[in-house]
1. What GluC sites (Glu not before Pro) in region B:223-315 are in a loop by DSSP, with at most 16 other Cβ atoms within 10 Å of the Cβ?
2. Is there a pair in A:LYS362/B:LYS390; B:LYS86/B:LYS216; B:LYS15/B:LYS342; A:LYS364/B:LYS390; A:LYS2/A:LYS99 whose C-alpha atoms are over 25 Å apart, and which pairs would that be?
3. Treating the beta-carbon of each Lys and Arg as +1 and of each Asp and Glu as -1, no other charges, what is the dipole magnitude of chain A about its Cα centre, to the nearest 20 debye?
4. Using a Förster distance of 22 Å, how high is the FRET efficiency between A:HIS258 and A:SER380, based on the Cβ-Cβ distance and rounded to 0.05?
5. For region A:96-173 and region B:89-161, what is the centre-to-centre distance using only Cα atoms, to the nearest Å?
6. Quick check: pseudo-label points 7 Å beyond the Cα along Cα→Cβ at A:ASP146 and B:ALA8, how many nm apart are they?
7. What are the ³J(HN,Hα) values, in whole Hz, obtained from phi via the Karplus relation 6.51 cos²θ - 1.76 cosθ + 1.60 with θ = phi - 60°, for each residue of region A:120-137 in sequence order, with x given for Gly and Pro?
8. So, in nm, how far is label B:GLU117 from label B:ALA218 when the simple model puts each one 7 Å beyond its Cα toward the Cβ?
Amino acid sequence: MKTKTLLIRYDEIGLKGRNRRHFENQLVSNIRYALRDIKNIKIDKIHGRILGRVDLTDAEKCTLRLTQIPGIASISIGNSMEPDFETMAELGVSLIHEKLQAQGELKFCVRTRRSNKAFPFTSREVDFEVGSRIMGVLSSKGLSVDIKRAEFVLEIEIGPQETIVFDNRVSGLSGLPVGSSGQVLSLLSGGIDSPVSTFKLINRGCRVHSIFFDNRTFLGRGGYDKVVRLAHILNRFQGGGKLYVVPFQDIQVAIRDHCTDSNRVVLYRRMMYRISHALAELKNYQGLVTGESVGQVASQTLKNLMAVSCVVPMSVLRPLIGMNKQEIITHAKQIGTYEISIEPQPDCCSVFMPDHPGTSCKIKYLEADERLYPWEELMSSALNSVETIDLDGLD
Amino acid sequence: MIYLDNAATTAISPKVMDVLKESMESDFANPGTIYSIGLDAKKKVERAKQDIITALNIPSTHKIVFTSGGTEANNLFIKGFCLSGKKVAYLGLEHPSILEPLAYLGSLGNKPLSLLEYQTEGRLDLKQASALSKSQSRLLCLSHVNNELGTVNDPVLVFEALHVNSPDTRLFMDGVQAVSSMRISSKVWTGLAAYSLSGHKIHGPKGIGLLVYDSKLAITPSIHGGRQQDGVRSGTLPVPLIRAMARAIVLAVERIDEMQDHFNFLHNRLVQGLCELNEQLPELNIRFNSLVIDDLQKQSPSIVNFSFAPVEGEVLLHHLEEKNIFVGLGSACSASSKKPSKILTGIGLSEEQARCSLRVSFSGNNTIEDVDLLLKEFSVAYQALYPIFKDKYSRN
């Protein structure tokens, strides 16, 4: 079976100092996990690069999966070979030939990166030697050299152990490898924003678990099904995630029945934060993640954000806080959650939404409202009924 | 599980399933081919068609075209008959598979005439049929049995009214909800330009329906291709689905008297039970949107639609769902909007009232115990929800 070499590059990890090895090892481990079902695969770490050896037939599939792993800047599928000009040029000719035949004319160049300083030729010299050999074969068929406007770039990496020749680069997610930044808990709804905020933290190296507040007695099971699908998609970027489903209808009914109308939404959110915090403490997660963005809805004014955050002694991470809706939508489309998020599904029954939600709820009045219903008892009951879904198990 | 949303779809009948399985295994050949197994498949389609013709008393003046379901049958006829610019009228209480093709015609400049002002009790007031003549409408589109209300436009009575007052207007009826509870006699066809049916509403498979139309009429095809079915609807015929639907139609017609009695029994029990609850619970204010009468020319007994403001139908539906009882919304929201459909508002309910409704629809699988349990759980859920909703809407 013919093998291919996957050349896996990372960017941000390369900027790390003495703990760089920790990040690299985490990335290698994540890559091995993501490709664990691929036969005959071998992953090696060489200076500044990760190399994967795979059967030719698996190369495309592996590359696609690698584009979903945070920490990887780009991937190329290449051929490992001896740094011999004739062999490299021969491969170049075979790669260029098909394209040239289709187009009739083609501008190309060779770009070499030489990390093996013991190799007796400079990068420029390699470019010239290989390029001129290719021109010798194909110039009469319409091939020309154009370094600035090349339509085809033959890339050569001459490393200490091996040389790789390739003609493609696929962008990755960049960011940091999952597991390098700890674990957090994201408040996930069926909307557009919270899946994006969850992804943002995954892409910063966190393993992100999700929590969903379910009111199926009033809203049906559609919201739950939608969130499970969203969490499943998001977990493909990390693996190992869990979704916690908390029954929330009793709390919503109690707040609706006992508290000031205009405070309701903030009171719901204070309870969501408290329950999330309790669960995060229990599971040793180090922060909460929300999809809030300043001013987007009544509960997301600066005053209301404060009124909600102050109930939890824990970092509340809000990666979307300064983004506008269109930017968030663009991200949601990129990560593949948008189409699910916009499926029609009630996220709050009209009976629970006040006609005029307050935009600057005062903490002392919120606390006064909370003295009117047994929130501690209801919270404890909700926490005792949490459903835990192992997202890897849904694959 | 208690399933009381049979106007949405029905469970496939075991006898139909037997035909479907057998046919899926054996009838793979394309009935449009000229070798023996293709000819055998074609023969089976013809046999199924004959069974449908016999069961529904379809005269030789009318032709059957198989479609993917009721929606396609309605689209095929409305667009196929009126794209040339013929004027068309409708009551305004029809299923979206009629309203949307009409809106499409409207977007092309052929604005359909709504007769909503002439609706009475969810049906067309036949005294007003002369309005069609004045507007020179060539086609009137109506539901035989309304999908949300169960109210009936009797095809024979409508035709008689058209014949006298607007003889140039032909009648098209959506029969998707009708076949399980309405007998289709041979005289029904005298006045019908076309009639549509769907397999899955009568314990048949999904993905198959049919249009019966007067063969004198020229219909412009919507789907072009291999010119199957005389070019009116191209596409390889799905032999197993056609055979299974034919079986479902035959079974429905065979049991029609028994089913009418059964539906009447369940309908009366539900209506009576709701009236009793209305007496017992001072906070309950039931309004029947369907007609509460024993008259098949006006109301199908298989559907009961009722409102109970201020509690929202959707929330009550989910409370019943928790007890494993499945009913329909009284006013179905479209897939993309939270606005209630136009049927309940069309008969005079406010949007709020329309939201506070449920539709219960029966099949032969339902029992009196199902109805009793529904009534019990409805009462429990309503009493639990009333305090939550009472401030939300002013009572109507």
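Since every read-out is calculated from the coordinates, none of them should be taken as a lab result. These numbers come from a predicted model, not from an experiment. So basically every Cβ, Gly included, is an ideal-geometry build from the backbone, and we count neighbours across all protein chains shown.
1. Those satisfying the criteria are B:GLU283.
2. Beyond 25 Å: A:LYS362/B:LYS390; B:LYS15/B:LYS342; A:LYS364/B:LYS390.
3. Dipole size: approximately 800 debye.
4. Working from the Cβ atoms, E equals 0.80.
5. Region A:96-173 and region B:89-161 have Cα centres separated by 72 Å.
6. It works out to 6.1 nm between the two label points.
7. So the J values, rounded to whole Hz, are x, 10, 6, 4, 4, 5, 5, 3, 5, 4, 6, x, 5, 5, 5, 4, x, 8.
8. 3.5
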